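**Q** My structure is below; once you've seen it, I'll send some questions.
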Amino acid sequence: QPDHSGKTALDYIQYLSHKSEAVPQITHKLQQLMSEIVGPSSAVIALEEDDLRGASFADEDNDKVAFYTDSSIGVYSIRGDRTTERKKLAEHGDQVCSMAVNADTGAVAVFLRRQGADL
């Protein structure tokens, strides 16, 4: 459930994990906390990306995770433990607003906000 500023517990954990990367003990504790929140069958992924805005499983095997930031989209492989694809979409102040993923087909739809565009 989001708080008064629209942030969820997962948002705060992600923020803290980026701030504490230099302290392995804290990062490990945050990963343990994340595992307790999302369950033992889930993976904790620490991406070295600019502000991550959203992520969704992108295949039926729950291996690929499609994610987006303000300016790009990408695919992370849980089994491979790496980003397998990354594409910068936003240029000249454009912003990635949202992304829809169909895990059955692997289709991805990305919504961009164009700078100066009337929406």
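**Q** Could you grab me the full set of residues in segment 60-77 that are open to solvent by less than 50 Å² (accessible area, probe 1.4 Å), of a type outside the set (Gly, Ala, Ser) and under 13 Å from the mean Cα position of the chain (by Cα)?
**A** Within segment 60-77, the first condition is being open to solvent by less than 50 Å² (accessible area, probe 1.4 Å), and the residues that meet it are 63, 65-77.
In the following step, the residues that additionally are of a type outside the set (Gly, Ala, Ser) were identified as 63, 65, 67-70, 73, 75-76.
Across segment 60-77, the qualifying residues are Val65, Phe67, Tyr68, Thr69, Asp70, Ile73, Val75, Tyr76.
**Q** Among the numbered criteria (1) more than 22 Å from Ala107 (Cα to Cα); (2) modelled with pLDDT of 65 or more; (3) open to solvent by less than 40 Å² (accessible area, probe 1.4 Å), which single criterion is violated by Asp3?
**A** The single condition Asp3 does not satisfy is (3).
**Q** Could you check how many residues of segment 99-119 are in contact with a Gly (Cβ under 7 Å, 6 or more places away or on another chain) and either surrounded by 15 or more Cβ atoms within 10 Å (Cβ to Cβ) or under 15 Å from Asp51 (Cα atoms) (or both)?
**A** Going through segment 99-119, the residues in contact with a Gly (Cβ under 7 Å, 6 or more places away or on another chain) turn out to be 99, 115.
Filter again for either surrounded by 15 or more Cβ atoms within 10 Å (Cβ to Cβ) or under 15 Å from Asp51 (Cα atoms) (or both), leaving 99.
The number of residues fulfilling the criteria is 1.
**Q** Quick one: how many residues across segment 79-98 are within 17 Å of Asp59 (Cβ to Cβ) and open to solvent by less than 50 Å² (accessible area, probe 1.4 Å)?
**A** Looking only at that region, the number is 2.
The values are calculated or read from the model by the stated rules, or taken from the named source; none is laboratory data. Note that the coordinates shown come from a computational prediction; the quantities given were computed from them, not determined experimentally. We place every Cβ from the backbone using ideal geometry, glycine too, and count neighbours over all the protein chains shown. All accessible areas refer to the heavy atoms of the entire protein, side chains included, with ligands and DNA or RNA removed. Shrake-Rupley method; radii C 1.70, N 1.55, O 1.52, S 1.80 Å.
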